[in-house]
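Computed from the coordinates by the stated procedures, all read-outs in this text should not be read as laboratory data. Bear in mind the structure is a predicted one, so any value in this text is a computation, not a measurement. As a convention, Cβ positions derive from the backbone with ideal geometry for all residues, glycine included, and neighbour counts pool all protein chains shown.
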Protein chains: 2
Amino acid sequence: MFPTLQSALDDWAHAEPILRGVADSLAHDAVPHARFHERDAAAPLPRAYQWADGSAYVNHVELVRKARGAELPASFWTDPLMYQGGSDSFLPPRDPIPFHDAGWGLDLEAEIVVVTGDVPQGATREQAIAAIRLIGLVNDVSLRGLIPDELAKGFGFVQSKPASALSPVLVTPDSLGAAWSDGKLSGVLCVDLNGQPFGRADAGDDMTFDFGTLIAHLAKTRSLGAGSIIGSGTVSNRGPDGGPGKSVAAGGRGYSCIAEIRMIETIEAGAPTSPFLQPGDTVRIEMLDARNHSIFGAIEQTVTG
Amino acid sequence: MFPTLQSALDDWAHAEPILRGVADSLAHDAVPHARFHERDAAAPLPRAYQWADGSAYVNHVELVRKARGAELPASFWTDPLMYQGGSDSFLPPRDPIPFHDAGWGLDLEAEIVVVTGDVPQGATREQAIAAIRLIGLVNDVSLRGLIPDELAKGFGFVQSKPASALSPVLVTPDSLGAAWSDGKLSGVLCVDLNGQPFGRADAGDDMTFDFGTLIAHLAKTRSLGAGSIIGSGTVSNRGPDGGPGKSVAAGGRGYSCIAEIRMIETIEAGAPTSPFLQPGDTVRIEMLDARNHSIFGAIEQTVTG
């Protein structure tokens with residue numbers, strides 16, 4: 001009936017009650033079913049009609065600037081940064097991250113994403129929140145070595161953002177209970193690098209722009225089609241003193257991308273010491289609920305050269 | 001068998017001979033058919049998985065800079081400018097252009113587009129040219145008043161590029177004969193504004209980067225999915241003296257966007273006099289073949305407030 005998630009999103013008013021019925025039947029073992037293996041899952045939207053990624057955790061943006069010795073424009077606290085990304089391919093959650101060139105500076109970015117229904121041009125923040133159909137995670141793969149030149153051109157990211165990986169599962173807002181509120185998802189985003197805790201930031205903290213604000217920003221001049229994927233940007237928490245956070249090993253919440261620890265190393269010691277991703281490195285991104293169950297399944301990728 | 005153009009592009013090796021057979025049958029009146037009315041046509045890809053727009057006519061970019069008193073970086077002649085656009089909605093060729101706010105500076109941009117098959121990461125220019133399946137026209141609607149702030153942010157165009165309109169018909173490269181050569185389309189791109197000739201630039205002239213080069217640029221770090229739409233940027237010709245071209249009324253080839261005539265007015269007289277698009281204005285974009293037949297049908301839009 002709905003051969004793809006996109007087809008359900010295209011006809012959500014009709015699809016939602018049917019799919020909820022299927023979910024209930026599955027939950028009650030009322031229908032025959034096979035076990036769902038995350039490792040076999042494609043991206044829930046293996047290709048999408050839109051992928052627009054914000055920078056909602058302005059703390060992260062401020063650190064990037066600080067490491068470059070540049071001031072953060074005051075408008076960055078009120079006017080969201082957002083780029084239009086390539087949406088023609090999202091990697092499955094267990095697919096390798098291709099490594100091509102050490103100079104490209106391969107990095108992960110652990111983020112929250114939402115998938116919208118149709119959003120009319122000029123939608124308010126509240127209308128935008130009401131249009132959020134599904135929530136999940138993304139590893140927004142980035143090529144740090146290529147970003148400065150593309151930023152200087154002003155036209156956004158074309159070469160510095162290869163395909164991202166989506167979490168194996170997207171969930172409805174209501175299924176998240178109190179963790180989803182006012183267009184923000186609360187909960188610890190667990191990022192492991194080579195099996196070690198690397199990031200434990202709470203996605204609900206320090207999010208300057210909620211998803212309603214991000215979507216309304218994108219929809220200011222045009223409508224958005226059902227199935228648009230909107231990203232939060234790299235999740236990032238400040239330290240308790242308001243400054244840059246500490247690593248998990250040092251008792252802090254760590255980082256959701258390598259660039260951030262490199263910026264902190266640069267601010268503190270003048271130069272970065274943590275390398276970007278190399279062939280053989282593994283990245284795992286996951287969020288657990290209050291009962292320690294994985295909400296979206298895990299993105300788990302190995303870098304392969 | 002192929003309910004959408006995307007489904008044919010997804011399976012082109014299989015689809016192409018079948019669709020050529022259908023086209024032959026239609027051309028020979030061998031099958032019953034209804035007349036094709038451009039006015040009833042949706043965009044050939046009403047939504048696409050990718051829309052990436054280059055600035056292949058560097059003359060246009062140089063004029064923009066000159067009007068701002070800025071130098072063109074030398075790298076702009078060798079490294080293509082390109083932005084990732086919103087691909088979730090392409091307007092039908094006869095749909096109105098929505099007018100929302102006079103301060104947004106509504107403009108047209110008449111361009112050539114190509115639609116690709118799958119393109120592997122790292123494709124050469126030659127491989128990229130071989131992956132071009134279809135060619136057409138686009139009116140890349142732009143909001144000039146919003147561009148400077150978005151350019152300054154460096155993240156590309158999010159609010160300043162609302163939905164574009166595609167030509168009613170896309171054609172295969174071979175059907176263009178000698179007009180399609182080495183990844184470039186030659187021919188006069190006719191742009192009329194309110195029924196008057198506004199642009200008569202030749203798309204084959206002054207195109208610094210051919211489509212193979214543009215596609216290879218985009219595919220440097222990632223593969224491209226079938227159905228990716230790649231734009232040339234605003235078609236723009238130099239004058240015979242190498243300087244900015246003259247208006248059609250003054251015997252020149254005119255312009256493919258209003259911004260360009262405003263830049264020339266600014267360079268010549270210190271300030272622009274031509275207004276951006278207003279409600280009631282009409283835009284027509286078309287290319288004729290050697291026998292004066294319309295190749296792609298016409299994009300014909302009225303601005304409605």
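Could you grab the pairs with beta carbons closer than 9 Å, sequence gap of 6+ or different chains, first residue in region A:244-268 and free of Cβ contacts under 8 Å to residues at least 12 places away in the same chain, second one in a loop (DSSP other than H, G, I, E, B) and of a type in the set (A, V, I, L, M, F, W, C)?
Matching pairs, first to second residue: A:265/A:271.
Somewhere in region B:294-304, is a residue surrounded by fewer than 23 Cβ atoms within 10 Å (Cβ to Cβ) and free of Cβ contacts under 8 Å to residues at least 40 places away in the same chain?
Yes, region B:294-304 has at least one match.
The conditions are (1) over 23 Å from the mean Cα position of the chain (by Cα); (2) in a loop (DSSP other than H, G, I, E, B); (3) of a type outside the set (Lys, Arg), and residue B:290 fails exactly one of them. Which is it?
Only one criterion in (1) over 23 Å from the mean Cα position of the chain (by Cα); (2) in a loop (DSSP other than H, G, I, E, B); (3) of a type outside the set (Lys, Arg) is unmet by residue B:290, namely (1).
Being of a type in the set (A, V, I, L, M, F, W, C), touching a Ser or Thr at 6+ places or on another chain (Cβ under 6 Å) and not in a helix (DSSP H, G or I) narrows it down to one residue among B:30, B:56; which is it?
Details: B:30 fails: touching a Ser or Thr at 6+ places or on another chain (Cβ under 6 Å).
Being of a type in the set (A, V, I, L, M, F, W, C), touching a Ser or Thr at 6+ places or on another chain (Cβ under 6 Å) and not in a helix (DSSP H, G or I) holds for just one of B:30, B:56, which is B:56.
Just wondering, is there one or more residues in region B:41-63 that are of a type outside the set (Ser, Thr, Tyr), out of contact with any Gly (no Cβ under 7 Å at 6 or more places or on another chain), free of Cβ contacts under 8 Å to residues at least 40 places away in the same chain and farther than 24 Å from residue B:254 by Cβ?
The answer is no; no qualifying residue exists.
Within 14 Å of chain A (Cβ to nearest Cβ), crowded, with 17+ Cβ neighbours inside 10 Å, outside any helix (DSSP H, G or I) and in contact with a Leu (Cβ under 8 Å, 6 or more places away or on another chain) - does that describe any residue in region B:182-196?
No - not one qualifying residue is present in region B:182-196.
Scan region A:138-176 residue by residue and report those that are under 17 Å from the mean Cα position of the chain (by Cα) and over 27 Å from residue A:281 (Cα atoms).
Result: A:171, A:172, A:173, A:176.
Does region B:204-214 contain any residue that is closer than 28 Å to residue B:21 by Cβ and in contact with a strand residue (DSSP E or B) (Cβ under 8 Å, 6 or more places away or on another chain)?
Checked region B:204-214: at least one residue is closer than 28 Å to residue B:21 by Cβ and in contact with a strand residue (DSSP E or B) (Cβ under 8 Å, 6 or more places away or on another chain).
So residue B:69 ticks every box in (1) more than 17 Å from residue B:161 (Cβ to Cβ); (2) more than 13 Å from every other protein chain (Cβ to nearest Cβ); (3) in contact with a strand residue (DSSP E or B) (Cβ under 8 Å, 6 or more places away or on another chain) but one. Which box is left unticked?
Here residue B:69 meets the rest and fails (3).
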